[in-house]
1. Which of the residues belonging to segment 215-249 are hydroxyl-bearing (Ser, Thr, Tyr), touching a strand residue (DSSP E or B) at 6+ places or on another chain (Cβ under 7 Å) and surrounded by 17 or more Cβ atoms within 10 Å (Cβ to Cβ)?
2. Grab the strands (runs of 3 or more DSSP E) fully contained in segment 220-264, keeping just those with 2 or more residues being in contact (Cβ under 8 Å) with a residue 60 or more places away in the chain and among the hydroxyl-bearing types (Ser, Thr, Tyr).
3. How many residues are among the hydrophobic types (A, V, I, L, M, F, W, C) and within 16 Å of the chain's Cα centre (by Cα) if we restrict to segment 160-175?
4. Taking segment 1-44 only, how many residues are in a helix (DSSP H, G or I) and touching a strand residue (DSSP E or B) at 6+ places or on another chain (Cβ under 7 Å)?
5. Are there any pairs with C-beta distances below 6 angstrom linking a residue in segment 41-58 that is touching a residue at least 12 places away in the same chain (Cβ under 8 Å) and on the phi < 0 side of the Ramachandran plot to a residue that is in a loop (DSSP other than H, G, I, E, B) and among the hydroxyl-bearing types (Ser, Thr, Tyr), with the two at least 6 apart or on different chains, and if so which?
6. Out of Ser143, Ser157, Ser179, report the one residue that is touching a strand residue (DSSP E or B) at 6+ places or on another chain (Cβ under 8 Å), on the phi < 0 side of the Ramachandran plot and among the small types (Gly, Ala, Ser).
Amino acid sequence: MRVETLGDGTPEVAIVGGIHGDEPCGVIAIEALLESDLSVERPIKLIVANERALDRDVRYIDEDLNRAFPGSPEADTHEGRLAHELLSEIRGCEILSLHSTQSHPEPFALVEELDGYARSVCPYLSVEALVETAGYSGGRLISYPNVVELECGHQGSRAAAEHAERLSREFLVAVGVLSGDTEPPRHHPLSVFRLDQRIPKPAAEQYEVFAENFERIPEGERFAAADGEPLVAEYPFYPILLSAYGYRNVFGYAGSLVGRLDGEQPSQSSVDDPMRTNRGSR
């Protein structure tokens, strides 16, 4: 793990990249920030987490670091020990964790719940959506206080790296590390979604998805296929982190639109029951 500190005093803000070794956008953003000779008003830590996995261009060495928290110094796995070390390093900090995904090209934010910290930071980030993950945060860094996780774009893309740097700067302005425009970079409310349940992925050789993340799928619509056999929504839902090959055992998550960050509640037709799926034609 590499830790760089900017500013005088004990840092209370941290940006973490490289939790997954096959997601370089956060590391590229951190390098760009270090090369920028930032004038910081609060001290900050910039952390590259899983250097061994990054060097090998693999997601992890022994286990997924973002499922290994809190870890232990006596853990049998590299990531188990690293999780403990990373938590010790960022304890007491306001944290931005940078990731990328196979599911969606535009940035979106994830928090465990829409608490005061999320409400104070997320409006200043130029993201498409905000997702509450409560119930699906076990073992993840996001399960700890004052953590915002960003999916910055498609894994390995130049755009994801550019988004990661821009969003890092926006975060640093939001938490008072950098001076800058204090107006939110949006002209519309930020939609808030909630993960309701995983969408299982049947055993197959080939997978497809036909839906766009964060766009409502009505009851009866085909949204994915396994070896050509369609999966059909039994209830309306919003797909989140939906992709053909992003996860081994699930397509992603079925979610609900639960509100907007300006406090406006969505219409009842937009608040969806948990989704169930059927394999078969429809």
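The values are calculated or read from the model by the stated rules, or taken from the named source; none is laboratory data. None of these values were measured; they are calculated from a predicted model. Please note: Cβ atoms are built from the backbone with ideal geometry, for glycine as well, and neighbour counts cover all protein chains shown.
1. Correct list: Tyr238, Ser243.
2. So the answer is 250-260.
3. Here the count works out to 5.
4. 7
5. Ala53/Tyr60
6. Residue meeting the stated conditions: Ser157.
Conditions tested, residue by residue: (1) in contact (Cβ under 8 Å) with a residue 60 or more places away in the chain; (2) closer than 21 Å to Tyr245 by Cβ.
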site: Ala160; (1), (2): yes, yes
site: Phe171; (1), (2): yes, no
site: Val192; (1), (2): yes, no
site: Arg198; (1), (2): yes, yes
site: Ala203; (1), (2): no, yes
site: Tyr207; (1), (2): no, yes
site: Ala211; (1), (2): no, yes
site: Phe214; (1), (2): yes, yes
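Rundown of residues vs (1) under 30 Å from Val250 (Cα atoms); (2) among the aromatic types (Phe, Trp, Tyr), yes/no style:
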{"position": "His84", "(1), (2)": "yes, no"}
{"position": "Leu87", "(1), (2)": "yes, no"}
{"position": "Gln102", "(1), (2)": "yes, no"}
{"position": "Phe108", "(1), (2)": "yes, yes"}
{"position": "Leu130", "(1), (2)": "yes, no"}
{"position": "Ser137", "(1), (2)": "yes, no"}
{"position": "Arg169", "(1), (2)": "no, no"}
